[in-house]
Structure formats: C-alpha cells, structure tokens
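Read the figures in this text as sums done on the coordinates, not as results from a lab. Bear in mind the structure is a predicted one, so any value in this text is a computation, not a measurement. Note: ideal-geometry Cβ built from the backbone for every residue, glycine included; neighbour counts use all protein chains shown.
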C-alpha cells in the first residue's frame, strides 16, 4: 500500500467525515479507498464504447475559477459536432450548473464528457450515456404514426 497526499476543500472533507461516521469506517483512508473504488468502477469503459449514443452531461462548477469559462467554451467549440444544446443555470453567487445534451460516437462523447468533468474548477460532474440504434440518431423520426422533423438549438450564455 502507498501513502499519497491530496488536497480537499472543507466541504468535501466534511462530507467524507460524515460518511466515515455514518458507515462506521475506522478512518478517512478506508472511506476514501471505497469512494475511489466506486469512482473507478463507474469510470470504467462500458462494453459498447463505440457506436452512436446520446448523453446528458451534468456538472457544477465554480464560475470564478481562473480561465474555466474560457476552457469550457474552447472544449465545446473543439467538439461542436457533439453538442446539441446546453442549459446554463446560476445556482448561487459562486456556482453554476450546466446540462449539455451530446450526440455522436460513444468514445468521442465519453471523451468530451471526461474532459469537461476533469477541468479544474468543476466540482461535480456525471455523464449518462445511452447507446442508440442508427435509425434513432437522425433528426427526423416517426411519432404516433406520422413523421416530423425537429430543429435543434444551440445556446451558450457565457460566450
């Protein structure tokens, strides 16, 4: 076993301490190891990495984090073909939440989501990736026996 040093903000450490007490861990290290295992299991690639998918990428970030808005905007512009729309919500004085709907190849969508979640200043993030059949990925579809098309808007309030 190796010893590592990490930096955690006060709220995150308080949450870990509550988990230690609630679950009866002997200490923080045990709790952090379990959390790391769960996080690694969740981050492990799914069986069908490639192929078409849709995803909801949800994350909360510190809007004052240095250059974060610029880095996020750059990431979205570099992968504009994956983004259908983004909703931006001001949660409080220092926190924003964004919900992005992504569509494309599974590995590209997961890569984009992982890049955004890993940015310094992003506090929480999760992507729900749903594989779809080729026929489900077009903009036109059949609904209640009739066909119709949808247009998709792109909104980026912070640009």
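Assorted remarks:
- For the pair residue 97 and residue 126, the difference between a 0.36 nm per residue extended length and the Cα-Cα distance amounts to 9.3 nm.
- Cα convex hull, the range 33-107: 115 Å³ per residue, rounded to a whole number.
- Whole-Å semi-axes of the range 1-129's equivalent ellipsoid (Cα gyration tensor): 29, 20, 12
- In terms of other Cβ atoms within 10 Å, 53, 96 run from fewest to most in the order 96, 53.
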